[in-house]
1. Residues Asp117, Asp109, Asp130: which one is among the charged types (D, E, K, R), at pLDDT 95 or above and over 17 Å from Gly210 (Cα atoms)?
2. Among the numbered criteria (1) away from the ligand (no atom under 16 Å from the Cβ); (2) under 22 Å from Arg235 (Cβ atoms); (3) aliphatic (A, V, I, L, M), which single criterion is violated by Val137?
3. When you go through (1) within 16 Å of the ligand (Cβ to nearest atom); (2) out of contact with any Gly (no Cβ under 9 Å at 6 or more places or on another chain) one by one for Gly181, which number turns out not to apply?
4. Among the residues of region 193-235, write down those that are outside any helix (DSSP H, G or I) and among the aromatic types (Phe, Trp, Tyr).
5. Does region 50-58 contain at least one residue that is part of a helix (DSSP H, G or I) and surrounded by 15 or more Cβ atoms within 10 Å (Cβ to Cβ)?
6. If only one of Leu141, Leu185, Leu179, Leu189 is hydrophobic (A, V, I, L, M, F, W, C), touching a helix residue (DSSP H, G or I) at 6+ places or on another chain (Cβ under 6 Å) and modelled with pLDDT of 95 or more, which one is it?
7. Does region 64-85 contain any residue that is away from the ligand (no atom under 13 Å from the Cβ), among the aliphatic types (A, V, I, L, M), touching a residue at least 12 places away in the same chain (Cβ under 8 Å) and assigned to a loop (DSSP other than H, G, I, E, B)?
8. Scan region 6-46 residue by residue and report those that are surrounded by 13 or more Cβ atoms within 10 Å (Cβ to Cβ) and not in a helix (DSSP H, G or I).
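The values are calculated or read from the model by the stated rules, or taken from the named source; none is laboratory data. From a predicted model like this one, the values you see are computed outputs, not experimental measurements. Glycine gets a Cβ as well: all are built from the backbone with ideal geometry, and neighbour counts include every protein chain shown.
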Amino acid sequence: MTLLHDAELAAAFDHAALSYDRLVAANPGYHAHLRRSARRLRLPRGGAGLRLLDLGCGTGASTAALLAAAPHAEIVAVDASAGMLARAATKRWPAGVSFVHAPVERLADAGVTGPFDGVFAAYLFRNVTDPDGTLAVVRSLLKPGGRLGVHEYALGGRAVDRAVWTAVCRGIVLPAGRLAGDADLYRHLWRSVVEFDTASGFADRLRRAGFAEVRVLPMPGWQTGIVHTFVGRSR
Ligand SMILES: C[S@@+](CC[C@H](N)C(=O)[O-])C[C@H]1O[C@@H](n2cnc3c(N)ncnc32)[C@H](O)[C@@H]1O
């Protein structure tokens, strides 16, 4: 299958938004793993005085994780899907959290400008048409020394990682997606992970994009070898 991109992908997320929170709640560790990745940013002082960006915030699951790690920060949360943002808007957020409807490719047009002390992107990079261009945008928005945290399905590179991912998709993700009426989006999820960088490949991509102190950290549970946190700093 061809992967979904840009407006087509945003429309698929608009349609999936109503069932998204229910489906991810059925995924063991989904929220705990997001919180773990956000903590791995090691933001000081509970985020006091910091300005953070949550890129591809969806229904706000990653925003909530960032908020748990940095309850005193100002957080700008951005997404290309109006439907996902509408779900985020039904939740309670402190005054320091704001949501913006924009694709990462057009942040400036939507008034999202730097500098930021940290950027968090959960399950975004696999979905963008130009990951290197997006990393360049992220670097331009970060202060020197600013932190990047990426939480992503990026396979570990062993045959077993790919086999487990495909088994989970065939057995659970694809049937659940079909039942929810979002078969194309969940097929995109499966294939986009298979076709995306391995974890070490994405770490190399971050280094090539100019990030320093890049580290790849694993997740517990069935996601071991499948979901990773990537952290790095802008130079
Ligand atoms: C799998 S969801 C993850 C949402 C959230 N970060 C979470 O952890 O639950 C991916 C999100 O990225 C958004 N997205 C995909 N491509 C995007 C782009 N080019 N610009 C902004 N958001 C994008 C989608 O609309 C979707 O809400």
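1. Within the list Asp117, Asp109, Asp130, the selection yields Asp109.
2. (1)
3. In the conditions (1) within 16 Å of the ligand (Cβ to nearest atom); (2) out of contact with any Gly (no Cβ under 9 Å at 6 or more places or on another chain), Gly181 misses (1) alone.
4. Going residue by residue through region 193-235, those that are outside any helix (DSSP H, G or I) are 196-198, 209-220, 224-235.
Once the filter is applied, which keeps residues that are outside any helix (DSSP H, G or I) and among the aromatic types (Phe, Trp, Tyr), region 193-235 yields Phe196, Phe211, Phe230.
5. Filtering region 50-58 for residues part of a helix (DSSP H, G or I) gives none.
No, there is no match, as no residue in region 50-58 is part of a helix (DSSP H, G or I) and surrounded by 15 or more Cβ atoms within 10 Å (Cβ to Cβ).
6. Working: Leu141 fails: touching a helix residue (DSSP H, G or I) at 6+ places or on another chain (Cβ under 6 Å); Leu179 fails: touching a helix residue (DSSP H, G or I) at 6+ places or on another chain (Cβ under 6 Å); Leu189 fails: touching a helix residue (DSSP H, G or I) at 6+ places or on another chain (Cβ under 6 Å).
Being hydrophobic (A, V, I, L, M, F, W, C), touching a helix residue (DSSP H, G or I) at 6+ places or on another chain (Cβ under 6 Å) and modelled with pLDDT of 95 or more holds for just one of Leu141, Leu185, Leu179, Leu189, which is Leu185.
7. So far as region 64-85 goes, yes, one or more of its residues are away from the ligand (no atom under 13 Å from the Cβ), among the aliphatic types (A, V, I, L, M), touching a residue at least 12 places away in the same chain (Cβ under 8 Å) and assigned to a loop (DSSP other than H, G, I, E, B).
8. Asn27, Gly29, Arg40, Leu41, Leu43, listed by residue number.
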